[in-house]
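Okay, structure first, notes after.
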Amino acid sequence: MEDKKTNNPVYSTTDSQKVNLKDDEWKKVLSPEVYYIARQKGTESPYTSKFEDFKEPGTYYCAACGNPLFKSDAKFESGCGWPSFYEPISKNAIIYTPDNTYGMSRTETQCGRCKAHLGHVFNDGPPPTGLRFCINGVVLDFEKAKEAEKHYNADQKAKKG
Ligand SMILES: [Zn+2]
């Protein structure tokens, strides 16, 4: 996962300054898959994301710019075929835009830092928010929670010892 970021100068998980690249600049720094979803509002095929039934504790970041988007605590199994969350990591993590394409009235979700297309949000999610953020796994980067990783490594050591 590291190699796709080496030529992406805007990628940062800590810098919250807005990113404003031109389309051809994005094309240079993103993988074709990420570019297609993030910049051309594409949609990955359902049930293809490695994050769809992924349950590790940690944080999900925008794959285009590194902006923190969701915590694994807010992830749930919606069965819709895409990684689903009931709330973003923070209020400004995501931008909401009305989307009336394909004859549907939906709300598009975009990265609050770089405006990458992420997916859509629906009103049929679980408590406490009742929202379902239906997100393309291609535009998510995942980092394991440090604490969880420590426990995991300790377990592995104990098993070996
Ligand atoms: Zn972003």
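Quick check on segment 52-65. Is at least one of its residues of a type in the set (Asp, Glu), over 19 Å from the mean Cα position of the chain (by Cα) and surrounded by fewer than 20 Cβ atoms within 10 Å (Cβ to Cβ)? No. Taking the criterion of being among the aliphatic types (A, V, I, L, M) and in a strand (DSSP E or B), the residues of segment 80-106 that qualify are 94, 95.
The C-beta contact set for segment 123-144 (first residue without any contact (Cβ under 8 Å) to a residue 60 or more places away in the chain and within 16 Å of the ligand (Cβ to nearest atom), second residue polar (S, T, N, Q) and part of a strand (DSSP E or B), distance under 9 angstrom, 6+ apart or interchain) is empty. Can you tell me which residues in segment 107-122 are away from the ligand (no atom under 13 Å from the Cβ) and either outside any strand (DSSP E or B) or surrounded by fewer than 21 Cβ atoms within 10 Å (Cβ to Cβ) (or both)? Residues satisfying the conditions are 107, 108, 120, 122.
Could you please find all residues in segment 39-96 being of a type in the set (A, V, I, L, M) and more than 16 Å from the ligand (Cβ to nearest atom)?
If we filter segment 39-96 for residues that are of a type in the set (A, V, I, L, M), which is where we start, we get 63-64, 69, 74, 89, 93-95.
Scanning segment 39-96 gives a single hit, 74.
Among the residues making up segment 12-31, a single one is under 19 Å from the mean Cα position of the chain (by Cα) and of a type in the set (Asp, Glu): 15.
Bear in mind that the values in this text are calculations on the coordinates, not laboratory data. If you're wondering where the values come from, they're calculated on a predicted model, not measured in any experiment. Every residue, glycine as well, gets a Cβ built from its backbone with ideal geometry; the counts of neighbours run over all protein chains shown.
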